[in-house]
Amino acid sequence: MRVFLAVSALAAGLAFGSAAGAAGFSMSQAIAYPFVDGLVAAPHGGRIAWMRNLGGVRNIWVAEAPGYAPRQVTRFTADDGQELTQLTFSDDGRTLLFVRGGDHDANWPAKGNLQPDPTSSPTEPKVTIWKADPSGVETAQRVVEGDAPAISRSGDIAYVKDGQTWIARVGAAPQRLFFDRGRDAELAWSPDGARLAFVSNRDDHSFVGVYSGPDMPITWLSPSTGRDADLVWSPDGKRIAFTRRAGLGGAPQSLIVEHPTPWTIWTADAATGAGKAVWTSGRSARDSYGGPTGQNLRWATRGRLTFISQADNWPHLYVVSEAGGPARLLTPGAFMVEDVAASQDGDTLAYSANTGAAPGDDDRRHIFRVSVDGGAPAAVTKGEGLEWTPAFAGPGLAYVAANAKDPPVVAVAGKLLEGQAPPAEFPGREFVVPKPVTWKSADGTLIHGQLFEAAGGPSKKPAVIFVHGGPPRQMLLGWSYMDYYSNGYAVNQYLANHGFAVLSVNYRRGIGYGHDFQHPEHGGAQGAVEYSDVLAGAQYLQGRPDVDGARIGIWGGSYGGLLTGLALARNSDVFKAGVDLHGVHDWSRVFAEQTGWPLPRYERGDWEAAVKLAFESSPDADVSKWKSPVLLIQGDDDRNVRFSEMIDLVRRLDAQGTPYEEMVLPDEIHGFLRHASWEKADAATADFLERKLQGAGAGK
């Protein structure tokens, strides 16, 4: 009951008593929220840790049983864009490792292992592994240059450097642990710390290997032509489970439709490598490997394995015996299982899901528990708040909690931990509570969104549509569990506070509404059917009596930038202005680069037809009809969307006299690493939309 009361208090906006401010707060105030991420729990010892980012200054915090009083265990002071990620406890909870630097949020690697330098420092940044003292007594220390650390029971730190496995031992210089012809990942020590398992990536196939010592050859687990991944040790350290899907190759396939990716779960003897398949997926599109939450393969007690599959259209938890046989569904229902954690005894799983008893819960997250033995899942949290990232902290559950007004904080067993309040200038009390709304797309598909609108103002307000990136993302009825979209949420709150009606559109290809919604026919580069959902959202706004249908704008980043470009190129009659952050403007260039013919998997005629369709699905295909003004924003070290996409569009718009403004952030990446970069881009976004949609002559 205490859990529900605490969450209800947060949902009611009573948790912190954030400072109330006069209407018209600034953008710097709107984004002055702290963001927490990376919550983990020690296997033993009752400790939890997380990263807290306030104003771009990232630090690690720790709390422990029984009181769970938070304490800061690092002392970084600059908005330097150096991420703190991959928090890793030792088994006893007395050592905490973390990685500083790089970008681990899907920014694709650059040639030469060049790391982001968003401050334009003359000293080249490196990705480094650090050790923090969870007690807070000792100062955090850099250990070694490297990434993806794994700590053994004896304190040895295995890590990846330049695609190879290295080791740092107390009192010894770091050294490469072994040679492997592939690029190593997924390092995992055996429960006794004597052996190290890893994935060896070899382009068109991959193996799971076990290193047992310098005088023993690597044991490869039932090697095949497949791609093996997602390894996990059995509790007794005798076996390893992993997933397998087909290697790259085979008969030529069409590029115009998506193809299923069947997969299997294997177990293998860690000493001999002998293995067998214990479960095999179906062969439909829903059965495909991957999905929005991955496979989440885990070894439970009494010889069972748990995993996630979308076989029934939703990402759900299943359990199967290591001896093989049919898998049993643990989480039935029309909802998505997302973050998953296992209890120390392996008998219970905790997970976040977009379901519950409150209206609109398909656009929220709540925490649930389910026994591996089966039975009905039990709600741990409920109400109009949002909760995610469960972690078993001793007898209770830790998780991150937020709502429409209060930004994310850490809670344990229903109690919000102290010392996490936002700064006094943060105007959370002035934020509106977004309303869940739905409308039909042109083909009848039901589309969900969130409407932000403050009371008062003119009887007919200008409106702005927000389109998320990804596209496998979902905007929520409150703060997001991703920092990129928490920023977008704060900007939407600013726009609502400054006189706009804001509609955030959860278009097709996004998550939260099932596999089929995420994988529509003719989506993306095969026809961009999802744009019709965005256009229908604008038509929904035009039909509202409180919206001036002649003053509708649009903004978004990444895939949202692509959709912003499509809106302005295809429908400048509807969308009168837009802000496009690091969007793709010519699908065919991306498509050709990723699938460039000649490849043995694709026939040339099919490839040429697919490239043509990709171009027709792009903003560039309709750029001649683009009349509305646009603000283009991008960092020039963007590795997800090439900077050339912005250059190319600028030249096209300039040649035909379409009004545009541009903001280039030197050395920033796709998802900006510095708070100062976000503040600059956010302020420019709001200023542009206000000038174009609220200024003199707007909408004419």
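Read the figures in this text as sums done on the coordinates, not as results from a lab. What you are looking at is a predicted structure, and each value in this text was computed from that prediction instead of being measured. Counting neighbours? That spans all protein chains shown, and the Cβs are built from the backbone with ideal geometry, glycine included.
Ordering 264-270, 357-363, 685-691 by mean Cβ neighbour count within 10 Å, with the highest value first, yields 264-270, 685-691, 357-363. Sorting 371, 644 from the fewest to the most surrounding beta carbons within 10 angstrom yields 644, 371.
Show me, bin by bin at 5 Å from 0, the whole-percent P(r) of the stretch 539-597 based on Cα pairs. With a bin width of 5 Å, the distribution comes to 5, 19, 20, 19, 14, 10, 6, 4, 2, 1, 0.
If we count every other residue with Cβ under 9 angstrom of residue 76's Cβ, Lys/Arg +1 and Asp/Glu -1, where does the sum land? Kindly include the intermediate steps, with their values, before the conclusion.
Working: positive: 58, 75, 100; negative: 80.
Net local charge, residue 76 excluded: +2.
Computed from Cα positions, the angle between helix 531-542 and the longest principal axis of the chain comes to roughly 50 degrees. Each part gets one Cα centre, and for the stretch 640-700 versus the stretch 385-454 those centres are 28 Å apart.
Counting only Cβ charges, +1 for Lys and Arg and -1 for Asp and Glu, the dipole size of the chain around its Cα centre is about 800 debye.
Starting from 0.36 nm per residue, how many nanometres of slack lie between residue 455 and residue 154 once their C-alpha separation is accounted for?
102.3 nm
Counting Lys and Arg as +1 and Asp and Glu as -1 over every other residue whose Cβ lies under 12 Å from the Cβ of residue 615, the net charge comes to -3. Taking Cα atoms only, the orientation of helix 483-497 departs from the longest principal axis of the chain by about 20 degrees. Rounded to the nearest 10 degrees, the angle from helix 2-11 to the longest Cα principal axis of the chain is 30 degrees. Based on the alpha-carbon gyration tensor of the stretch 432-693 and its eigenvalue square roots a ≥ b ≥ c, which shape applies: rounded if a/c is under 1.5, prolate if not and a/b is larger than b/c, or oblate? Verdict is prolate for the stretch 432-693. For the chain, the alpha carbon convex hull comes to 155 Å³ per residue, rounded to a whole number.
Once a ≥ b ≥ c are taken as the square roots of the eigenvalues of the Cα gyration tensor of the stretch 119-257, is the result rounded (a/c under 1.5), prolate (a/b larger than b/c) or oblate (a/b not larger than b/c)? Intermediate values should be presented prior to the final figure.
Numbers: a/c = 2.20, a/b = 1.42, b/c = 1.55.
Because a/c hits 1.5 or more and a/b fails to exceed b/c, the stretch 119-257 counts as oblate.
In this simple spin-label model, placing a label point 7 Å from the Cα along the Cα-to-Cβ direction at both residue 616 and residue 57 gives a separation of 5.5 nm. Shape class of the stretch 207-357 from the alpha-carbon gyration tensor: oblate, with a/c at 1.5 or above and b/c at least as large as a/b. Just so you know, the Rg over Rh for the stretch 2-416 is 0.96, from Cα atoms, with Rh as the Kirkwood radius.
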